[in-house]
1. For A:Lys54 and A:Tyr188, calculate 0.36 nm times their separation in residues minus their Cα-Cα distance, and state this gained length in nm to one decimal.
2. Tell me: how much accessible area in total is hidden between B and A, 1.4 Å probe, Å², nearest 100?
3. Which value in deg cm²/dmol, rounded to the nearest 500, describes the helix-derived mean residue ellipticity at 222 nm for chain A, given -39,500 (n - 2.57) per DSSP H run of n ≥ 4 and division by the residue count?
4. Suppose a student asked you for the relative contact order of chain A, using Cα pairs under 8 Å spaced at least 6 residues apart; what percent would you report?
5. Count the lysine pairs in chain B that are 8 or more places apart or on different chains: how many have C-alpha atoms under 17 angstrom apart?
6. Count neighbours as other Cβ atoms within 10 Å of each site's Cβ, and list the trypsin sites (Lys or Arg not before Pro) in the range A:68-169 that are DSSP loop with at most 16 such neighbours.
7. Which percent of the accessible heavy-atom area of the protein assembly as shown goes to carbon and sulfur, probe 1.4 angstrom?
8. Would you mind giving the mean number of other chain beta-carbons within 10 Å of the Cβ of each residue in A:87-94, as a whole number?
Amino acid sequence: MEKEEQNLSNEESLKLITAMINKAKGNIQDSYIFFLVWGWLVVFACLLHYGLLKFTTMEHPEIAWFILIIGVFLSGYFGYKIGKSSSVKTYSDSIHGHIWIAFGVGYFILIIFMKEINYNLNPLIMLLAGGSTYLSGITIKFRPLIYGGIVLWVAAIIAFLVPGDIQLLTSAGGILLGYLIPGYILKYKNGKHV
Amino acid sequence: MFETLDPLLHSQLRLSVMSLLVSVEQADFVYIKEETEATAGNLSVQLDKLSNAGYIEIVKGFRGKKPNTSCRITKNGIEAFEKYVKTINNYLNIKK
């Protein structure tokens, strides 16, 4: 009851408002999981595609990319789990979640129709990855992700310029630098906060 | 002349709650209790007052099997909060 009875001066009111607004932070660090899931899946898909292309006579080594569909379901699962366990939902949490849904849908459509673009998935995957990473970084104000997004866009440009097999290695490198490293930095930060 | 400060907002705990809710989409009772360091009983009473005034919306539901209460600020609440901050700013500017 004591809080209720206290009289507030105008200065105290403003200080209180500022302090409470600063407390309202969401659970953005939990989102590292999305970078690790997508990062490892894309790196694995690139290397598997490269391996199938170089060391087997398989007609369509591109099928390696279908493992990304696992990511769509894993993202949905982790998104649901994080949403359910959190006691507060900030606007940036919400926008951040929708960025991942939007780009997840993008990956999904791209993989389903890869035949229509003659299986030239790599530069487009890099473009989508760059977009989601850059926007994530801006939303949660985390610089390593912003730089990661830029790295992925550069990887997309390089991928457009080099032959198919080299594209795969470019993509794996781009994802390692642009997704996985910022993802692990975020995870490390997360660990420190808990 | 100055308008008077909204008495519903000019109280430490209710103002804390409103400041917290204005910055998030929604927050659970437990979260608000932790951040405002209020007792459950007092917080309940103050949330009801804010809800009766139409400043916040209280949604009672379940998380898994546990009952869960979450709150979000309404459009009226945002307007009242903005008006409160503006009035306080006017007071402070005159003092300078």
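1. Working: separation 134, 0.36 × 134 = 48.24 nm, distance 3.63 nm.
Between A:Lys54 and A:Tyr188, full extension yields 44.6 nm more.
2. Numbers: alone 6660 and 11790 Å², together 15610 Å².
It comes to approximately 2800 Å² buried between B and A.
3. After summing the helix terms and dividing by residue count, I get -24500 deg cm²/dmol.
4. Numbers: 205 pairs, mean separation 52.6, N = 194.
Once normalised by length, the contact order is 27 percent.
5. Numbers: B:Lys33/B:Lys49; B:Lys33/B:Lys60; B:Lys49/B:Lys60; B:Lys49/B:Lys75; B:Lys75/B:Lys83; B:Lys75/B:Lys86; B:Lys86/B:Lys95; B:Lys86/B:Lys96.
So the count works out to 8.
6. Listed in order of number, the matching sites are A:Lys141.
7. Details: 9850 of 15610 Å².
The C+S portion of the solvent-accessible surface of the protein assembly as shown is 63 percent.
8. Numbers: counts 13, 14, 8, 5, 3, 2, 2, 3.
That average works out to 6.
The values are calculated or read from the model by the stated rules, or taken from the named source; none is laboratory data. Only a predicted model underlies this, so the values are computations on that prediction, with no experimental measurement involved. Note: ideal-geometry Cβ built from the backbone for every residue, glycine included; neighbour counts use all protein chains shown. Heads up: the accessible areas ignore ligands, DNA and RNA and are worked out on the full protein's heavy atoms, side chains in. Shrake-Rupley method; radii C 1.70, N 1.55, O 1.52, S 1.80 Å.
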